[in-house]
4 protein chains.
Amino acid sequence: MDMDQLLAEVADDVRPSLGTGRVADYIPALARVPPNQFGMAIACLDGQHAAIGDAQTPFSIQSISKVFTLAMVLKAQGPRVWDRVGREPSGTPFNSIVQLEHEAGIPRNPLINAGAIVVTDHLIGNRTADQTVDNVTAFMQARSGSADVSVDREVAQSESDTGSRNRSLAHFMAAFSNLKNPVEQVLSAYFRQCALALTCEQLAQAGLFLANGGRDPRTDEQVITAEQCRRINAVMLTCGHYDGSGDFAFRVGFPGKSGVGGGILAVVPRQAAIAVWSPRLNRSGTSWTGSQALERLAARTGWSVFG
Amino acid sequence: MDMDQLLAEVADDVRPSLGTGRVADYIPALARVPPNQFGMAIACLDGQHAAIGDAQTPFSIQSISKVFTLAMVLKAQGPRVWDRVGREPSGTPFNSIVQLEHEAGIPRNPLINAGAIVVTDHLIGNRTADQTVDNVTAFMQARSGSADVSVDREVAQSESDTGSRNRSLAHFMAAFSNLKNPVEQVLSAYFRQCALALTCEQLAQAGLFLANGGRDPRTDEQVITAEQCRRINAVMLTCGHYDGSGDFAFRVGFPGKSGVGGGILAVVPRQAAIAVWSPRLNRSGTSWTGSQALERLAARTGWSVFG
Amino acid sequence: MDMDQLLAEVADDVRPSLGTGRVADYIPALARVPPNQFGMAIACLDGQHAAIGDAQTPFSIQSISKVFTLAMVLKAQGPRVWDRVGREPSGTPFNSIVQLEHEAGIPRNPLINAGAIVVTDHLIGNRTADQTVDNVTAFMQARSGSADVSVDREVAQSESDTGSRNRSLAHFMAAFSNLKNPVEQVLSAYFRQCALALTCEQLAQAGLFLANGGRDPRTDEQVITAEQCRRINAVMLTCGHYDGSGDFAFRVGFPGKSGVGGGILAVVPRQAAIAVWSPRLNRSGTSWTGSQALERLAARTGWSVFG
Amino acid sequence: MDMDQLLAEVADDVRPSLGTGRVADYIPALARVPPNQFGMAIACLDGQHAAIGDAQTPFSIQSISKVFTLAMVLKAQGPRVWDRVGREPSGTPFNSIVQLEHEAGIPRNPLINAGAIVVTDHLIGNRTADQTVDNVTAFMQARSGSADVSVDREVAQSESDTGSRNRSLAHFMAAFSNLKNPVEQVLSAYFRQCALALTCEQLAQAGLFLANGGRDPRTDEQVITAEQCRRINAVMLTCGHYDGSGDFAFRVGFPGKSGVGGGILAVVPRQAAIAVWSPRLNRSGTSWTGSQALERLAARTGWSVFG
């Protein structure tokens, strides 16, 4: 299969949908991004790679960062994090607090906001927020092979300024002793990890270890164990798109994680990692055109994990 | 890989867990089944098959039947059923009614009881309950290649006698006009489809078309389209074990569906179908030892869809 | 105070609101009632009484019957009913099932549908549904002093035909063993008690024992104890209008119970009972103009229990 | 009726219950209060007053303060506050956040924590937290006729240190723009109003205007209108004890407000105000012995608002 041609066909397929959906407007710095951009990149385990459209434009990865901090925590500390966060689909939106009240402050999974905040708290350990952000940035640079991956300070500030809902989640978990560090320290790291800016090309490269049993094919480093890798992919498939996770699995059939910046990382186990970006979102907060593109790519390649 | 040896090793792995978990006690006819039985069978697309333990003992497939009625409805009527049932994980137990009240009587997915009742109603159409049960039985006979697959009348009666919760779900959906036929007609068919008795060998054979893009390798019949097949597998993976679906994906990594009779059907796309049975359940209603066995089999084969 | 003049003034006050609100449309027999009718009657402990408008037209008392069956159960069997039903406001609509799932099939209070169905089941005991309906009818005849109080069979049939939601509630409680008699027997009695037809004059008279410490001033019979009477009034005040109970207490300040037929019974302890009827409802299912009329009467008399 | 004798009899009635219930332990400064204290005071509109037990010991009024800030807001700004807070029982515990998510950040009523935080925010307006606390303190001094009413700084600090749940509620409402001032400013005032310390004698006096149509009988000041007074009493009756409000109305029959410090203020319209204090709580957070004492007082006086 020619990857350049594949992406060209997919891009043709989805062009009519580019005006559909709404840009996230609750983070002002994101609301200003021109909405009709579209980029896509693929990195294959056999070394092939391709990109199309705005694939060299950095965008805010937002919740896609949750996958990488989860990997970092599992690598550093093993399965202890699962005492503080579940791995079940929540059936609720990304920022829901209802489930926390009924379940003693234990978030359903690490890919909703509450769960990702716990993961970041776990990652901080005894470090400062700055050190933690440096570590996450370094990890993303290593995985993407790009020294210029960095936090967009304006976006991070904008998130912090409008982060009432996340503050509420964090204080709620603190009330159940499921946060070890002070709320503002944890959120300071969390808002910045969400504000990491990568291009589609960088993000596809960064996700490739998840398609390869945890080994980074570029550096040949075993980043996480094969079992940890499978488990992250499982959580992405069942929980990666909040209350739209089932539909994404149904239509696309890849483990994936979306961010409200309009990016999606999809993992094709044993094959490839794909990054797609287009800012307009569906009602679950997943890129409208991005998920269409992945659906088309899955149909054209027959790569669905479901046969 | 030698399948007989594989199952022997898996059976050895899980023997210590055989006394763990509790048999479903709310259906008296199921509560009387000797609890420490264990059987497992595998059917591969390349023609290999193997079985171990109580793999020739018929058991009540219960909710596993939901997968087959869903396939029948998709085959007969295409995607219209999705107007009446969603495809998102519910995050709640198998018999929960809470979500229905908040979402206008549309069940979250076809593998929770409410959703499966809608599927059965759809399948009935203008038929009688008896005709519908005959059709489902014939479908299971055809898929399993066994003319002796039949409904266990005693179990069906026991389910009907103790079916208050399912009656409540059905009347609730009727109140939202999401049931077309009378409640007792629909439940009459539903309770009997759940009381179908198959052996592990029969069930593994019956599920093989789901591993094969919808084509039954025994009869060479294209039962459902490849796309329908992928979608059923996706729904099984995200929703097949109620509020334990995420954990099953995390630990096992196959699309699967459990029944409170203690059976589990697992589908390995492009490879095999596996049936396992052991009556003791975990708190989500999935066979304790059965899910352990699938976890071990996944580890030994490396067949996880997640790499 | 001249009661005739009081009612005349109140009727003047509320005339502009007569076109506001919507008639209950889920029970066809109720949907056909001419919507702009208005009647009001008052019966005082000092023997005064007055009526205005359509106060001699019988209407379907619906949920107002719940107050009388509760009194009958307390009279006959004392506080045992409180083991099966709570006395807390539910904070939810009249037909909600959510709370039942979280609280093991025990309804929050006897004035929501689920709770009233339990009360009727309790009242049935070992009787038939027919005998129970006869007893309730006789009780209403005795309290109202009118032998012509009877069940409107057409309304009862209409309720049964469209009673899916109530069937769901009843089966749900049966699943938790909080219903002793078969669901259809209980509902047969329940639908008929709701279809009792009284005029405002009859209803005001019937409720007078609740303003008088449980003693019927017409017959001098101590129907229930003074403590039981206070408790019924308390439950009416906190729970009598579902998720509009707080607003009714806030604006009117009397214990009261509304029905979707458009009637409201209000009790002024130590003073009077008032019945008002007008079919158009607010979004909580309470008569729009009826509650306005009671608010005006409370303001004109200074009778609020809140000073 | 001799008030001294009444209180003596009530105190005798409840003595056996003094060891029952648990002191609130989530605020360390409250957890240290000797648990078996009991005090009660009554102030009548006819000038009678009486006290018994530890009625001269100041205690932390906690949530009872919500009634007074509500009165202050209604006095200063009229009904506008009802745009930001409802008046329905919530059916949930004092610190629940579930309802807020489903109802766009509008608390159900002003006597749950979320609602009271909104009231305090409203009361602050353009003032500082310190000015607001000074105003509340001055109001309590005026109502109680005691210049020595003040905030217990240690308790306030303890509440702030352990106030994660209240912080979560406040940030949640801020996310819905239902908080006008910064969260920490509002909470700084809120924690201090809750830490006001009064004796039973002072509190009974302070609540007397609520029994008197809004007029303070000591100063002859019309503090709030008669209508506002009735409405506060209505909200107290339906919502004053969280998910135990119905039971309190059922057993006691007075508008009342409890605090986790063990105090209860009860209002008998047109008659008296009563303050009772005993630190051990029932599971709804209301003083165990305090509510027993009010139930006995209601039974002995026949003062229930329900006849």
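What follows draws every value from the coordinates through simple rules; no lab data is involved. It should be emphasised that the depicted structure is a prediction, and the values quoted were computed from it without experimental measurement. We place every Cβ from the backbone using ideal geometry, glycine too, and count neighbours over all the protein chains shown.
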Per GNM of chain D with C-alpha springs under 10 angstrom, the most fluctuating residue out of D:ASP216, D:ASP25, D:ASP121 is D:ASP25
Which whole-number percent is the relative contact order of the range C:264-305 (Cα, under 8 Å, 6+ apart)? 34
Taking Rh as the Kirkwood radius, which is the inverse of the mean 1/r over Cα pairs, what is the Rg/Rh value for the range B:63-194? 0.94
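Would you kindly calculate the mean projected area, averaged across all directions, of the convex hull enclosing the Cα atoms of the range C:87-159, in square nanometres?
Working: hull surface 25.4 nm².
Hull-based average projected area comes out at 6.4 nm².
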Can you compute log10 of I(q)/I(0) for the range C:152-307 with the Debye formula, treating each Cα as one identical point scatterer, at q = 0.09 Å⁻¹? -0.33
Over all directions, what mean area does the Cα convex hull of the protein assembly as shown project, stated in square nanometres? 47.0
With θ set to phi - 60°, apply the Karplus curve 6.51 cos²θ - 1.76 cosθ + 1.60 along the range C:100-110 and write out the HN-Hα couplings as whole Hz, x wherever there is a Gly or Pro. 4, 5, 7, 10, 6, x, 9, x, 5, 7, x
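Given N residues in the range A:133-219, what is Rg(Cα) / (2.2 N^0.38 Å)?
Working: Rg = 15.3 Å, N = 87, 2.2 N^0.38 = 12.0 Å.
After normalising by residue count via 2.2 N^0.38 Å, the value is 1.28.
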Could you give, in nm with one decimal, how far A:GLN5 is from each other copy of that position, shortest first, with labels 7 Å out from Cα toward Cβ? 4.3, 9.8, 10.6
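Please give the net charge around D:ALA170, taking every other residue with its beta carbon less than 14 angstrom from that of D:ALA170, where Lys and Arg add +1 and Asp and Glu add -1. List each step's numbers first, then the result.
Values: positive: A:ARG165, A:ARG167, D:ARG84, D:ARG165, D:ARG167, D:LYS180; negative: D:ASP121, D:GLU159, D:GLU184.
Counting the neighbours of D:ALA170, the net charge comes to +3.
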Taking just the alpha carbons, could you work out the radius of gyration and Dmax for the range D:1-140, both in angstroms? 18.5, 51
C:PHE94's amide H: which non-local residues (gap 5+, or another chain) put their own amide H closer than 5 Å, with H modeled 1.01 Å from N in plane and none for Pro or chain starts? C:ASP243
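At most 15 other Cβ atoms within 10 Å plus a DSSP loop assignment makes a site exposed; report the longest stretch of chain D without any exposed GluC sites (Glu not before Pro). Walk me through the numbers on the way to the answer.
On the way: sites that count: D:GLU103, D:GLU221.
Longest site-free region, per DSSP loop and neighbour criteria: D:104-220.
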How large are Rg and Dmax for chain A when calculated on the C-alpha trace, in angstrom? 17.6, 54
So, relative contact order of the range B:63-194 in percent, Cα under 8 Å, 6 or more apart, is 31
Note the distances from B:ARG127 to each other copy's matching label point, with points 7 Å along the Cα-to-beta-carbon direction, in nm, sorted shortest first. 4.7, 6.0, 7.4
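Could you tell me which of rounded, prolate or oblate describes the range A:1-52, using a ≥ b ≥ c as the square roots of the eigenvalues of the alpha-carbon gyration tensor, with rounded for a/c under 1.5 and, failing that, prolate when a/b is larger than b/c and oblate otherwise?
Numbers: a/c = 4.14, a/b = 1.95, b/c = 2.13.
Oblate shape, in that a/c is at least 1.5 and b/c is the bigger or equal ratio.
How would D:TYR190, A:TYR26, A:TYR242 line up from fewest to most surrounding beta-carbon atoms within 10 angstrom?
Working: D:TYR190 30, A:TYR26 15, A:TYR242 25.
The most exposed by this proxy come first: A:TYR26, A:TYR242, D:TYR190.
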Whose Cβ in chain C comes nearest the axis that rotates C onto A, and by how many Å? C:HIS102, 4
Can you give the charge dipole size of the protein assembly as shown about its Cα centre, rounded to the nearest 20 debye, using +1 on the beta carbon of Lys and Arg and -1 on the beta carbon of Asp and Glu? 0
In nm, to one decimal, how far is the C:ASP13 label point from the D:GLN77 one, both placed 7 Å along Cα→Cβ? 2.9
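Can you give me the relative contact order of chain C as a percent, contacts being Cα pairs under 8 Å and 6 or more apart? All intermediate terms of the calculation are to be shown ahead of the outcome.
On the way: 644 pairs, mean separation 86.0, N = 307.
Once divided by the residue count of chain C, the mean separation gives 28 percent.
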Run the label-point distances for D:THR20 please: 7 Å along Cα to Cβ, every other copy, nanometres, shortest first. 4.3, 4.6, 6.3
Computed [θ] at 222 nm, deg cm²/dmol, chain C (DSSP H ≥ 4; -39,500 (n - 2.57); rounded to nearest 500): -13500 deg cm²/dmol
Per GNM of chain A with C-alpha springs under 10 angstrom, the most fluctuating residue out of A:ASN166, A:ASN95, A:ASN212 is A:ASN95
As straight-line cross-link partners of D:LYS75, the qualifying lysines (C-alpha separation under 16 Å, not fewer than 8 residues apart within one chain) are D:LYS66
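Once fully extended, how much extra length lies between B:ALA138 and B:THR219, figured as 0.36 nm per residue of separation less the alpha-carbon to alpha-carbon distance?
Values: separation 81, 0.36 × 81 = 29.16 nm, distance 1.42 nm.
Between B:ALA138 and B:THR219, full extension yields 27.7 nm more.
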